[in-house]
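Take a look at the structure below.
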Amino acid sequence: MQDTLIHKGRIAEFIHELMQDSQVIAPVSVGGQARFKPIESPEEVEWGYGNTTVSPTEFILPHSESLFQFEQRGTDFNLTYNIDNVNRTILGIRPCDVSSLRMLDEVFKGKYEDPYYLSRRNHTTLIAMMCLEPGGSCFCSSFGTGPGLDAEAGADLLLVDLGEAFYVQVFTERGQTIMERVASMGTPATSADREQVEVLAVQAASNMPRTLDLEGLPEAMGQLFESAYWDKISRKCLACGACTYLCPVCYCFDVFDTCSQAQGERVRCWDACTFKSFALLSGGHNPRPSIKESYRQKMYHKFKFAIERHGYALCVGCGRCLEACPVDMDIVQVLSGAKSQVVEVV
C-alpha cells in the first residue's frame, strides 16, 4: 500500500470527501479545550491539540444508550432494538485511543458478542494522528501504544504532521479505498519522507515524561494482595470515579429499565468499580465494603489479571487519570511503589 503526502492546503478537500458518506467526528475547540465532536465543516477541526480530556471511544461505547424499547400487547411484548449502523469516521484519534479500541474488541467480540458495540465499531473508520509532543502525563511508550502506530493497532490510516503536508500511512483495505478516492489530492511519499516519520516517532518516544516498568509487575502484585500497602494508598482515594469515566479502556456498565405502565426501554450506562454500590449484592452483602477493596480490585484487574489472561495490561498510558484525579493519585507511582514493596520484603 503506497503511502502518500497531502499538502495542508488540500486537507479541507480531503475532509469534504470523507463527509460524503460518513459522519466525521474530529477534535474541535469547546470552551478553549479540544473535544471530539461531529463536524459540519472542515474549518471546525482543531489540528494543534494535545490529547483530549475525553476519549473519542465514547462514540463506540457511549456513556449511555437505549438498547431496546418494549411495549406490552396483551400477553405478549413487542421489542424494538436500537442498533446503530451510522457510518462514522473518527479523524485525528490518537494512537493510545486506537489501541484502547483493540482491547475493547477483546471484550465485546469475545464468546458473547455485543451487537450494539460491534455495529458501531464495524461502521467506524479510524484515521489516527501520530503524537509529536507527548503530554506531561503520557506514558504510552511503556505499553507500545504510542506515540506512533503499526498496522496491527487497528487504525485504517495514520496521519503524521510534516509541517507543510500530512504524511498518510495506509494500514487497511478500508484506508486504501479512501486514498484511492482522494488520489488526485496527494503525491507519493518518498523514502526521505518515511525516514523523517521514523525520526519524529523516535524523538517523541524519547521525550516521554514518565515510564512504567511492567517487568515482574503481576508477580509482585501476587505477593501484595493482603499487604497494608493498599490501605495506605487507598486512604487518599475519594472513589469519585473520574479516573474510570475518563479511561478509554474501562468498560464496566450497568443496565436498567425505565417503565411507564405497559411500555418502557432498557438502558445501558457506564459504571465504575470504584463506586461503593458496584459490588453490592441483593442481600445487602458487599464483598468490597471499602475504598481499599475497590481500588485494589481496579489495579489488579488492569495490571495483573489482564496481563495473565490476555498478555497485556488494560491501560494505554494516555495519562487522563493523572490529569483528572482531584487528589493527584499517580497510577505510575502506585504501581512502581507496589513493586518496590516486594523488593523491600525480599
Item to check | Q223-D21 FRET efficiency (beta carbon distance; Förster radius 51 Å; 0.05 resolution) | outcome: 0.40
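Counting pairs of alpha carbon atoms under 8 Å apart in space and at least six apart in sequence, what relative contact order in percent does the chain give?
21
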Item to check | Debye intensity ratio I(q)/I(0), log10, the chain, q values 0.10, 0.15 Å⁻¹ (C-alpha model) | outcome: -0.68, -1.32
Item to check | P(r) tail fraction, segment 105-163 - alpha-carbon pairs more than 16 Å apart, % | outcome: 58
Next on the checklist: At 0.36 nm per residue, and after removing the present C-alpha to C-alpha distance, how many nm does the segment from V54 to E40 gain when stretched out fully?
Outcome noted: 3.0 nm
Checklist outcome for this item: Here the Cα Rg-to-2.2 N^0.38 Å ratio for segment 1-115 is 1.37
Checklist outcome for this item: Toy charge model, Lys and Arg Cβ at +1, Asp and Glu Cβ at -1: the chain dipole around Cα centroid in debye, rounded to 20, equals 1080
Next on the checklist: Give the lysines reachable from K298 as a straight Cα distance under 21 Å; neighbours fewer than 8 places away on the same chain don't count.
Outcome noted: K232, K236, K276, K339
Next on the checklist: From the helices alone, meaning DSSP H stretches of at least four residues, give me the mean residue ellipticity at 222 nm for the chain, per-run term -39500 (n - 2.57), in deg cm²/dmol to the nearest 500.
Outcome noted: -9000 deg cm²/dmol
Item to check | Separation in nanometres of the label points that stand 7 Å from Cα toward Cβ, at S282 and E195 | outcome: 6.8
Checklist entry - Comparing R235, R73, R320, which has the greatest mean-square fluctuation in the GNM of the chain with Cα pairs linked when under 10 Å apart? => result R73
Next on the checklist: If you restrict to DSSP beta bridges whose two residues both lie in segment 4-206, what percentage is antiparallel, to the nearest 5?
Outcome noted: 70
Next on the checklist: Quick check of the Kirkwood formula: for segment 4-206, what is the inverse mean of 1/r over all pairs of different Cα atoms, in Å?
Outcome noted: 18.2
Checklist entry - Roughly how many Å is it from the Cα centre of segment 66-118 to that of segment 162-221, as a whole number? => result 29
Next on the checklist: Can you give me the convex hull volume of the Cα atoms of segment 217-345, divided per residue and expressed in Å³?
Outcome noted: 137
Checklist entry - Roughly how compact is segment 223-277, stated as its Cα Rg over 2.2 N^0.38 Å to two decimals? => result 1.66
Item to check | GNM flexibility winner over the chain from A324, A26, A155 (Cα, springs under 10 Å) | outcome: A324
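Every number in this text was worked out from the coordinates using simple rules, so none of it is lab data. Source: prediction; values computed, not measured. Note that each Cβ is placed from the backbone with ideal geometry, even for glycine, and that neighbours are counted across all protein chains shown.
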